[in-house]
Structures are given as C-alpha cells and as structure tokens.
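A short worksheet on the structure shown next.
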Amino acid sequence: MCGIVGYVGPRFAIPILLDGLRRLEYRGYDSAGIAVLNPAGEIEVEKTEGKLKKLLEALQDGGPPGFLGLGHTRWATHGLPNEVNAHPHADCQRRIVLVHNGIVENYASLREGLLARGHKFVSQTDTEVLAHLFEEEYDTLAKDGYGVPILPEAVRRGLKRVRGAYAIAAFCRDEPQVLVGARLFSPLIIGLGQGENYLASDIPAIMRHTRRAMVMDDGEVAVLTPEGVAIRTLEGEEMHREPLQITWNLESAEKGGYPHFYLKEVHEQPQAIENTLRGRLDGNRVSLSEWAHLDLSEVNRVSIVACGTSSYAGLVGKLLIERWAQLPVEVSVASEFRYGAPIVDERTLVVLVTQSGETADTLAGLRLAQEKGATSVALTNVMGSSITRGADATIYFQAGPEICVVATKTYTTELVLLCLMALDLGRRRGLLCEAEVAEVVEELRQLPAKVELVLKDEDVLKEVARQYGHRRTFFFIGRNLGYPTALEGALKLKEISYVHAEGYPAGELKHGPIAMLDEEAVVFAIVPQSDTYEKVVSNIQEVRARRAQVLAVATEGDEEIQALAEEVFYIPPTLEALTPVLAIIPLQFFAYHVAIERGCDVDQPRNLAKSVTVE
Ligand code: F6R
C-alpha cells in the first residue's frame, strides 16, 4: 500500500529515487511522484497519474538536479487516483514536502481546524493534512527561536496530533541536509550508506546502494543527514539500533530474462523451497531453532490467523497440525478474527502467517493474541517486518524477495514451513515417532526436484489456457488437502486474469453451485492420490453429467482419470501431506497464461497491492 523512498547525500537524488520506486511499484501504482530540493533552494515536484512509466517519461530529461529528495508510488485510499492527489504533498508556503504510506484516521477534524486557521488545501487526500500540521508546528517553533533543524521537532509534534497509520518521508526547503522519516504501523527502513543515507518502505528499494539497514519501530522519528542517522521516539527519547545485514541478492529482485516477475517467481520455487528447508532438516529430524525456546507443553489449541493466499496455506497447516499434533486448529481470516470473539487464551498458540509481515489485519490479530496472553508465532518472508515485532517467535520463509503483487513462491514456502511446524509440534507432543518424522523429512528433501518436474509442463498449460481461457465461469474443486489448492487456484485466476472463478470443497458443489454448471463452465478438479480420491472422482462424474468441461490435477500413473477429464496435469507421487505444494503449480501456470491470453497486467493487477497496510 504505497511505496516511499527518500535520499540525502552527495549524488543526484532523482535516479536513486526512480530506481527505488521501480522496485516498490508492487506496493501501489495508481500514481507516482517525486520531490527534490533544486540548487536554487526551491522544492520541485513532479507527479503523474497512472504507473511509474508515466513519471519516468515526464522525467526523461533527468529532472532537476538536487541532493535531497523523496518519492512515492500510490495505492489510493482517500481521493481519486489522479495527479492532484498524487504524492508528494506540500504546505501552503511550499516549504515542507512529504510522502506518506498509511491513513490519517482523524484527518477530517484536523483538516477542519486547519481550514479554520487559514490553511488552503489542494487535494482530497488525508496526507495533505500532515504537511499543514508540520507547517503549523514549524512556524511556532521558529517563532519561539528553536534551533535548526526545526523539521524533526515539527514532525514529532505534528504526529502527536495524528491518529492512524503512517510511514513518512519529509524534508524542508530551509534545511537542505536533513531528511526526516517517521513510522506508525506502516513499514519504514533506513539504508545506511557511506556519506549518504536512504529511507524506503522495503529492502529492494535500497539493495542496489547498501546492504546495511535499520528497521524503524512504531512511534519513532528518524533524522537522516549525509553523515548519520538519529532516531527518537515521539516522546523524544533517543533510540539506539543495531544495523542489520541484508542477505538477499540483487538479481533476485530483477526479472532475470523472464517477461514477468510472476513467471520468474513460479520458476524459482524449487530454489525457494530449498532455502526454506535450509538448516531446518537435521538428519532425519526437523530442527526449527526459531521457536525452540517456546514452552508449548501447555498449549491446547492453535489459532492460525492470516489473509488471502496466506490463509489458504493456513488451511493446509490446520490439517497437518490436527493430523500430526492432534491439537484443535482454527483458521481465521484476520479481518474477521479481530472483530469476533475468538476463543484465545494463555493456552492458545496463535500462528500469524503473512508473507509481507505488514498486513494490517494480521498485525491486529497479533495484538489481540498478545492481549489475551496467547503464545504467538509469526511466519513471514520479510526481515524485520512489523509482524516480527512483538511476536514470541518469528520463523522466516527464506524465499527471497517476491516482487509480483500476487503470491506464488511465498505460498509454497508457507506450505513447507507449516509442514515443518506441524511435524515439530507432533514430535514435541510425543505423538509422532522418529520413523514417521523421518519419512516426511525424506520426502521434503525430494520436494524441490519434484517441483522442478512439474515446472516442465508449462507449455501444456499454455496451450490449455489458450483453449479454455475465454470461458466465463471456472470452478476449482478439491477435498481435504485438495480444498485449499482449489481456493488458491481460483484466487490466482481471479487476481491476474479477472475471470470469475470459485474454489469449492468438491462435496459441496451439489449444495448450490452445481446449478451454474453447463457446457460453458470449466471445472478444475484437484484429484491426486489420497484417502478422498474416489470421492472426488464421484464429484467429477456429477460435473460431467452437467456437461461442464473437466480439467484435472492428478498423480502420475493415474490412468483412470483420463477418461473423466478433457486434460490431465500430472504431479509426481509424494506423501499426501505434500501434495498441495505440487498441485498448485499447474494452476499457477494456468492463471498466468490465461492472463496473457487476455492481455492483463500480470505483475500489477488492477486494484491490488502487495502489502495491505490498511484495514
Ligand atoms: C494473493 C495475495 C493476497 C495475500 C494477502 C495477505 O496472491 O497475495 O491474497 O496473500 O493480501 O498478504 P500477506 O501474506 O502479506 O499477509
């Protein structure tokens, strides 16, 4: 939800800002803008409606020179996605300029007060209120003779009047060496360079320049100059932060010859899974050191809290934990969990699954778990992301950066991680013997190679997408471990090709949706070898009897299924527990090639953002 970037140092800011925005565009792409302090000491702003490409075109001549600047790529919340509402926003005197990611919840009352005191607004955004608040505080401080730089203190005072969520980068015309950052519930990191420093919403934006970063905490304001960084809380307490070393490599944030990040990330899955397993398989055992310190002996229920794709991974996690650790598991969509009355107490283990680590509702789930005294474990892909703050343990996917807005490799690595956790829980509770764990561990070791085999079928899926991609209604059906795959397959198709698709438990189709089936409909059946194989086959028969077209994902060697489906996509045999990792891959390809057939923007689907930092 909006990407922000800032620079202060000896180099021209604009190329650095634009490169950073390019790497943050996955966070929003309704409009984009930059501001720099030009050599005459004036703030110059350039903003455009639409994708970053338009801004790049507008700045073809390189834009104004300047060594202090900030940039923004927007996912609209308040106000239409047009040029006026695009960030950066400035105060009345064009002395202070800023970019913002988040929502100012009390903006209406703040704006009313500011209007009454003579401030003039040009946009419909909540963000513009911040520029005027800072202006007001700045004027007061200047009048009182506050020593320069004044902006950090003005920001601190202004933000105390704000309710909501923010990550902010700001600078002032009169303080040419000072960049100010602040955060509350929206991510912001500081990149540490040699004689230069950076602000950004996410690591890929600064990776080209530095591998040393600091993650800001909620309620902090940072002052960046070319020489250094100082962090204080809103109350003014000085904070010390150890820099962290960024281990992702730059190539992983580039397309590497693929037409889209989506396709690249689908093909990266063998490596990503290998990375997730790295250091976590010890001989025949699972070794999850990240949560080894937690005493789970009193845990009597598990609550998995997540959104979207991550919640589907959670459904697989539930089945595995119930199977191996014999604990009751509830999976909640975070936006519902936070407003319900969930049964969570000191004996509950709350598992928060979020690739970005920044999903607002999932973060609220963490707070609720903390309030109720539960033990919380965060699963995330992003180092130092908000979910890691406050959780009793954090386990990283280690999947490398996922740039495409929709999740692919983070989904399969979530599945692998939840499988490891379920095994570990089962062992800790004394319910799995060594041989049982060893059998799964052995299969996990072979998983990357098996994923590689499924990836070889891309061309077949491409052809099938060409044949069926123009249909209007798609159902994805599966039972038990096949059901989350059906949900995720349908979501992928909806997200990137805007085709109507529904994921259903196969047995549930006849309780309503079957009425929609006719010869036009396509039903994707997830039917690998499993305890429910025959049941799904019966459901396929029901579908065929309504003349719908059937496409099936099945296990190699299953010839029976060929007579029941127009096309069959085979996955190698594996343990049933691991079939979701393999079965989703044909569906990822199908969604991709349908999207290409339909001319959709795969990496940046309309209306979506990778990191959903608002409710
Ligand atoms: C789907 C997708 C979303 C996310 C959801 C949660 O491709 O990416 O459904 O899964 O927004 O995001 P995280 O996992 O970052 O909490």
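In summary, G400 fulfils each of the numbered conditions (1) modelled with pLDDT under 95; (2) in contact with a His (Cβ under 9 Å, 6 or more places away or on another chain) with the single exception of condition (2). The single condition among (1) open to solvent by 20 Å² or more (accessible area, probe 1.4 Å); (2) in contact with a strand residue (DSSP E or B) (Cβ under 8 Å, 6 or more places away or on another chain) that S386 does not satisfy is (1).
E290 falls short of the stated requirement of being open to solvent by 30 Å² or more (accessible area, probe 1.4 Å) and within 16 Å of the ligand (Cβ to nearest atom). In summary, strands (runs of 3 or more DSSP E) completely within segment 326-407 and bearing 1 or more residues that are closer than 21 Å to L491 by Cα and small (G, A, S) occur at 329-333. Quick check: anything in segment 578-585 in contact (Cβ under 8 Å) with a residue 24 or more places away in the chain, among the aliphatic types (A, V, I, L, M) and closer than 20 Å to T473 by Cβ? There is no residue in segment 578-585 that is in contact (Cβ under 8 Å) with a residue 24 or more places away in the chain, among the aliphatic types (A, V, I, L, M) and closer than 20 Å to T473 by Cβ. Here A506, A515 are screened, and the one residue that is more than 16 Å from the ligand (Cβ to nearest atom) and surrounded by fewer than 18 Cβ atoms within 10 Å (Cβ to Cβ) is A515.
Would a scan of segment 572-592 turn up a residue that is touching a strand residue (DSSP E or B) at 6+ places or on another chain (Cβ under 6 Å), open to solvent by less than 10 Å² (accessible area, probe 1.4 Å), at pLDDT 95 or above and of a type in the set (A, V, I, L, M, F, W, C)? Yes, that holds for at least one residue. Among the residues that make up segment 470-478, is at least one of them of a type outside the set (D, E, K, R), at pLDDT below 95 and not in a strand (DSSP E or B)? Within segment 470-478 (the criterion being of a type outside the set (D, E, K, R), at pLDDT below 95 and not in a strand (DSSP E or B)), the answer is yes, since at least one residue qualifies.
For residues that are away from the ligand (no atom under 14 Å from the Cβ) and under 18 Å from L425 (Cβ atoms), tally how many sit in segment 317-344. Residues in segment 317-344 being away from the ligand (no atom under 14 Å from the Cβ) and under 18 Å from L425 (Cβ atoms): 14 in total.
Every residue, every condition in (1) among the hydrophobic types (A, V, I, L, M, F, W, C); (2) at pLDDT 95 or above, yes or no:
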{"residue": "V8", "(1), (2)": "yes, yes"}
{"residue": "I14", "(1), (2)": "yes, yes"}
{"residue": "E46", "(1), (2)": "no, yes"}
{"residue": "T73", "(1), (2)": "no, no"}
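Restricting attention to segment 24-36, the residues that are open to solvent by less than 10 Å² (accessible area, probe 1.4 Å) and not β-branched (V, I, T) total 7. Among the residues of segment 487-514, those that are aliphatic (A, V, I, L, M) and either over 16 Å from E542 (Cβ atoms) or touching a residue at least 60 places away in the same chain (Cβ under 8 Å) (or both) comprise L487, A490, L491, L493, I496, V499, A501. Can you tell me how many residues within segment 199-212 are free of Cβ contacts under 8 Å to residues at least 40 places away in the same chain and outside any loop (DSSP other than H, G, I, E, B)? Total meeting the criteria: 1. Out of curiosity, is A154 at pLDDT 95 or above, under 17 Å from R94 (Cβ atoms) and either in the same structural domain as G384 (by TED's automatic domain parsing) or not hydroxyl-bearing (S, T, Y) (or both)? Spelling it out, A154 is indeed at pLDDT 95 or above, under 17 Å from R94 (Cβ atoms) and either in the same structural domain as G384 (by TED's automatic domain parsing) or not hydroxyl-bearing (S, T, Y) (or both). Checking each residue in segment 345-359 for being near the ligand (Cβ under 9 Å from one of its atoms) and not acidic (D, E) picks out L352, V353, T354, Q355, S356, G357, T359.
Exactly one residue out of L425, L415 is assigned by TED's automatic domain parsing to the domain that holds C307 and either under 27 Å from V543 (Cβ atoms) or free of Cβ contacts under 8 Å to residues at least 24 places away in the same chain (or both): that is L415. Right, V522: closer than 25 Å to G599 by Cβ, at pLDDT below 95 and among the aliphatic types (A, V, I, L, M) or not? Here the answer is no, as V522 does not meet what is asked. A residue that is buried (at least 23 other Cβ atoms within 10 Å of the Cβ), among the hydrophobic types (A, V, I, L, M, F, W, C) and within 15 Å of the ligand (Cβ to nearest atom) occurs somewhere in segment 417-428.
Which of the residues that make up segment 563-615 are within 12 Å of the ligand (Cβ to nearest atom) and among the β-branched types (V, I, T)? Correct list: I584, V602, V612, T613, V614. Taking every residue in segment 99-122 that is in contact (Cβ under 8 Å) with a residue 24 or more places away in the chain and pairing it with any residue that is among the small types (G, A, S) and open to solvent by 20 Å² or more (accessible area, probe 1.4 Å), at least 6 positions away or on another chain, yields no pair with a Cβ-Cβ distance below 8 Å.
The values are calculated or read from the model by the stated rules, or taken from the named source; none is laboratory data. Treat the numbers as computed from the prediction; the structure is a model and nothing was measured. All Cβ positions, even for glycine, are placed from backbone atoms using ideal geometry, and neighbour counts span all protein chains on display. Side chains are part of the model used for accessible areas, which takes the heavy atoms of the whole protein and leaves out ligands, DNA and RNA. Shrake-Rupley method; radii C 1.70, N 1.55, O 1.52, S 1.80 Å.
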